[in-house]
1. Within the stretch 11-19, is even one residue under 18 Å from Ser118 (Cβ atoms) and basic (Lys, Arg)?
2. Among the residues of the stretch 25-78, which ones are open to solvent by 30 Å² or more (accessible area, probe 1.4 Å) and assigned to a helix (DSSP H, G or I)?
3. Given Arg193, Arg231, Arg210, Arg201, which one is of a type outside the set (Ser, Thr, Tyr), within 23 Å of Ser118 (Cβ to Cβ) and more than 17 Å from the chain's Cα centre (by Cα)?
4. Just the residues that are open to solvent by less than 30 Å² (accessible area, probe 1.4 Å) and farther than 27 Å from Ser13 by Cα, please, taken from the stretch 90-102.
5. Looking for whichever is out of contact with any Pro (no Cβ under 8 Å at 6 or more places or on another chain) and touching a residue at least 40 places away in the same chain (Cβ under 8 Å) here; the options are Asp264, Asp244, Asp237. Which one fits?
6. Residues in the stretch 103-113 that are assigned to a strand (DSSP E or B) and open to solvent by less than 30 Å² (accessible area, probe 1.4 Å): how many?
7. Hey, can you tell me all the residues within the stretch 139-181 that are of a type in the set (Lys, Arg) and open to solvent by 70 Å² or more (accessible area, probe 1.4 Å)?
8. Cβ contacts < 9 Å: first residue among the charged types (D, E, K, R), restricted to the stretch 156-169; second residue surrounded by fewer than 17 Cβ atoms within 10 Å (Cβ to Cβ) and part of a helix (DSSP H, G or I), any location; separation 6+ or different chain. Result?
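The values are calculated or read from the model by the stated rules, or taken from the named source; none is laboratory data. Bear in mind the structure is a predicted one, so any value in this text is a computation, not a measurement. Reconstructed Cβ throughout: ideal geometry from the backbone, glycine too, with neighbour counts over all protein chains shown. We work out accessible area using only protein heavy atoms, side chains counted, and drop any ligands, DNA or RNA first. Shrake-Rupley method; radii C 1.70, N 1.55, O 1.52, S 1.80 Å.
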Amino acid sequence: MTEAAELDRALKSKHRVMWGLGNYPAVAMEVIPELGPVVAAAGGVRAGDRVLDIAAGSGNVAIPAAALGAQVVATDLTPELFDAGRKMAADADVELEWREADAEDLPFEDGEFDVVLSCVGVMFAPHHQRAAGELVRVCKEGGRIAVLSWTPTGFIGEMFKAMKPYAPAPPPGSQPPPLWGEESHVRELFGDRVRDLTARREVLQVSRFRDPEDFRDFFKENYGPTIAVYRNIAGDDAKVEALDRDLVDLARRYSAGGNSPSMDWEYLLVTGVRSTS
C-alpha cells in the first residue's frame, strides 16, 4: 500500500469514528427530519425505482424513498448508524438494504441505479471530485440525481468556521464540506456528465432548541464533528469556554430576536440528469 493510500485509509477511519460519536440519529430525527422527504421528492423517486442514498446515516432520505415504493440501498461509512435506521424503517413499515460503503469508492456497477441521492451526506467525503465521480458513475444514463448540502454562508457553514480554530488541521488534499453548498463548485464537480442541472438555495426553519445554549449543549452531546472538536481541546478550559461562547453567539445571531427558539439554516438543493455518452 502506498503512503497516500495509507493516509487516506487513516482519514476514513477517523471519519467513521467521528460520525459514530454522540447520537447522529437524534440530529436527523429531531432537528432536520424534513430534509429527507425534500430530497426524495427532488429526485423524482417513484415506485419501482432502484435508489441509492449515499452517506445515508440513519436513513433520513432512504426511508422516505422506500416509503414511495422504491428499491432502496442506504450506504454509509459508519454502519453503527444503521441500527437506528433499521428501527425507524421498521416503524415506518418499509424495507431497504443497508450497506457499509465509502462514498469515494462505491461497491456498485456503473449505471446500477435509477436515482442517486444524498442529504447533507456526500458533502462530508474529504475528496469532492472522487465522491462526485462515484455518485455520477453509479447512476444510469438518464437517471436522476439530487444532492442537498449546507451552504458556506448559512448556519452550519458558519458553525464549521466557528469550530475551525479549535480543530486539528485538516489533512492535505481534503476539502471543506460546505463547498458542496456552492453552485459553481458543484457544477465544476459534475461537469458535462450531468445535464439539466438546477441549483436553488432554500432555508430549513429549525425550532428544536429552546435557546442558543440549548443548541450548543445538544450539538456538544450528539453531533460527531462538534464532539470531535471539543475532544481536541479537552483540558484547555480557556478554549472550551471560548468555543462555548462562540457557538452560543452564532446561534443567537441566527435566532430571531436573539433568543428565539427558531433559526433559519440555509442549504443548496442540486438536481440533474445523468448525461448519455
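1. Taking every residue of the stretch 11-19 in turn, at least one turns out to be under 18 Å from Ser118 (Cβ atoms) and basic (Lys, Arg).
2. Within the stretch 25-78, Met29, Glu30, Pro37, Val38, Ala41, Ala42, Pro64, Ala67 qualify.
3. Only one candidate passes the filter, namely Arg193.
4. Within the stretch 90-102, Val94 is the sole residue that qualifies.
5. So the residue among Asp264, Asp244, Asp237 that is out of contact with any Pro (no Cβ under 8 Å at 6 or more places or on another chain) and touching a residue at least 40 places away in the same chain (Cβ under 8 Å) is Asp264.
6. Going residue by residue through the stretch 103-113, those that are assigned to a strand (DSSP E or B) are 105, 113.
Narrowing further to those that are open to solvent by less than 30 Å² (accessible area, probe 1.4 Å): 113.
Selection size over the stretch 103-113: 1.
7. Passing the criteria: Lys140, Lys161, Lys164.
8. Partner pairs satisfying both residue conditions: Glu158/Arg253.
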